Structures are given as C-alpha cells and as structure tokens.
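Asks: Handing you a structure now.
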Ligand code: ZN
C-alpha cells in the first residue's frame with residue numbers, strides 16, 4: 001500500500017453569511033466551534049471549523065462564509081450530502097428540534113438498514129443524521145440545548161454525485177483502500193477498513209445529472225486523513241505515478257495538505273492528523289479567539305475590523 005488513508009479528515013463548504021452559519025451549526029446542531037480563523041487565501045473572510053469536543057479528524061465541517069455570495073447548485077462532480085452519526089434513539093429529539101427552529105427536513109427513511117434524516121442548512125447544503133447502531137465512542141460536544149447522549153458524534157458518510165462512478169471507485173479502492181460493501185440502484189457504498197469512524201463513502205451515479213456549481217450552500221472539497229506525513233507523501237507519490245496532478249504539500253497550520261481533482265471532478269485533499277487544533281489554543285479554549293497564522297498576525301487590526309460580528 002502507498003500509505004494508509006483512514007477515512008474522512010474534514011469537509012469544506014461555502015456559506016453565504018457568517019452569523020447565520022455560526023448560529024445554525026453551534027446552536028441548532030450543537031457542534032463545537034473548534035477554530036475561528038480566516039481564509040488564508042482571502043483573509044477578509046472567516047474560516048470556521050465545527051467539530052466534536054476535541055475537534056478530532058472525521059468530525060470537522062469547515063466553512064468559508066462569503067457574505068452575500070450567490071447560491072450554488074448541487075450536482076455531479078461534487079460532494080452532495082454530508083452525513084453525521086447520532087445515537088440510535090435520538091431521531092425524535094432531532095425532529096422536535098428541526099420543527100422548533102424551522103429547519104427544512106424530510107421524514108426519516110431507511111438506507112442500507114439504517115435510519116437517515118435528511119435536512120438542509122440555512123444555505124441549502126444537504127446534511128443527514130444517521131441513527132447508527134454500530135459502536136461509536138467519539139465524544140460529542142455538550143451544547144446548551146443538545147445533551148451529549150443525543151449529540152452529533154462526527155461524520156458517518158459523505159455522498160459523491162458523479163456522472164460515472166467507475167474511475168472514482170477504482171481510485172478509492174486501489175489507492176485509498178476502500179472496499180465496496182453494498183449497492184442499491186445507483187448508490188454504491190464503500191467502507192475503509194483502515195479507519196474506525198467516518199470511513200464510509202457513497203458514490204451516487206447520475207449519468208444525466210447536471211454539473212454542480214460551487215458557491216453558497218455547496219461543498220468545496222473533501223479531505224481524507226493520514227496518520228502522518230510519511231503516509232501522506234506515500235499516497236501523493238502513488239497518485240503522481242498514476243498520472244494525477246497533485247499539489248506540493250501546503251501547510252494549513254492545523255494539518256498539512258495536498259490537493260488533486262479526482263476523475264469525477266470532485267476536489268480531493270489528503271490531510272495529516274497532526275498537529276491538530278490544540279497547536280495554538282488549549283483544548284478548553286478551542287474556538288474562543290480569532291487565530292491568525294504568523295504571516296497574517298501583523299494585519300490583525302485591519303482583519304478584525306472587516307470581519308462581521310457573529311455573536
Ligand atoms: Zn481542506
């Protein structure tokens with residue numbers, strides 16, 4: 001093997017406003033804001049990271065909230081649904097909550113023998129809660145209105161919508177170590193035995209589907225995790241030998257990353273587990289301050305003056 005992929009590291013999406021996004025993910029869903037920083041390529045925009053108590057890989061949904069950006073279109077070549085694992089008997093709790101906060105949702109339905117509750121975030125991003133019977137001892141964040149025994153434990157699965165799925169399937173099995181476990185009509189499920197959690201991917205084949213357009217309410221990219229840089233660079237070498245255009249390693253402060261476009265058009269990232277979110281804040285203080293990388297610290301006053309308030 002070229003280096004082990006353990007499952008999903010994080011997923012990054014685009015929102016059309018910081019305040020609404022922050023309120024939905026921390027208050028309604030009860031996730032922890034584990035890091036508040038800026039988009040390193042556009043420091044006048046936030047970069048929010050939401051996760052579980054410790055912000056461990058496989059729980060992290062991140063957003064670039066560009067104020068007033070147009071709404072994108074979900075379609076082929078994108079991650080079109082992000083699924084979270086919740087405890088088995090928590091669906092009625094979440095349904096009550098979605099009614100209370102006017103969240104758009106569908107009645108729970110069964111998928112591969114598990115109950116899935118599909119709902120939309122304020123920008124129309126499709127999310128799911130999957131009532132998951134398997135063991136999942138990831139520790140949810142203890143939010144004001146969401147007790148840990150009902151709380152979101154981290155990612156369960158991500159769905160990629162693709163015109164054709166075979167080339168992507170070959171990549172994730174041959175290079176990433178996933179195995180096909182189930183299929184139903186045009187949905188093909190893959191599980192990565194190297195990881196304990198967030199190790200499921202669904203490839204949804206839509207040959208006549210419209211191409212997605214990335215903007216508000218859509219996913220920008222999905223990152224897969226490696227335990228260390230050696231494994232990451234091993235995967236990178238393997239991808240290059242297969243003809244993929246892979247970026248050099250980029251330092252993202254909380255992890256190191258390489259990026260490439262998979263055959264179905266989805267932007268993939270390979271990110272390292274270390275150093276993680278406690279590199280610049282203590283565990284108890286995660287998400288409290290606006291954290292800037294060294295090379296932006298001298299612009300702090302200017303940056304803070306243009307970022308919109310979120311509380
Ligand atoms: Zn990323």
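The values are calculated or read from the model by the stated rules, or taken from the named source; none is laboratory data. Note that this is a predicted model, so its numbers are computed, not measured. Positions of Cβ are backbone-derived with ideal geometry, glycine not excepted, and every protein chain shown enters the neighbour counts.
Asks: Tell me which of these residue 88 doesn't satisfy, since it passes every other one: (1) outside any strand (DSSP E or B); (2) buried (at least 21 other Cβ atoms within 10 Å of the Cβ).
Replies: Failed condition: (2).
Asks: So, in region 13-40, how many residues would count as being within 13 Å of the ligand (Cβ to nearest atom) and either assigned to a loop (DSSP other than H, G, I, E, B) or surrounded by 20 or more Cβ atoms within 10 Å (Cβ to Cβ) (or both)?
Replies: The total comes to 5.
Asks: Condition first: surrounded by fewer than 21 Cβ atoms within 10 Å (Cβ to Cβ) and assigned to a loop (DSSP other than H, G, I, E, B). Now tell me which residues in region 56-73 satisfy that.
Replies: 56, 66, 67, 68, 69, 70 - these are the residues of region 56-73 that are surrounded by fewer than 21 Cβ atoms within 10 Å (Cβ to Cβ) and assigned to a loop (DSSP other than H, G, I, E, B).
Asks: Could you please find all residues in region 212-271 being within 11 Å of the ligand (Cβ to nearest atom) and part of a loop (DSSP other than H, G, I, E, B)?
Replies: Hits for region 212-271 are 252, 254, 255.
Asks: Tell me, which residue of region 41-55 that is within 16 Å of the ligand (Cβ to nearest atom), in contact with a helix residue (DSSP H, G or I) (Cβ under 6 Å, 6 or more places away or on another chain) and part of a strand (DSSP E or B) is nearest to residue 224 (Cα to Cα)?
Replies: 50
Asks: Same structure, new question: Select from region 129-144 the residues that are within 14 Å of residue 97 (Cα to Cα) and either in a strand (DSSP E or B) or modelled with pLDDT of 95 or more (or both) and list them in ascending order.
Replies: Once the filter is applied, which keeps residues that are within 14 Å of residue 97 (Cα to Cα) and either in a strand (DSSP E or B) or modelled with pLDDT of 95 or more (or both), region 129-144 yields only 129.
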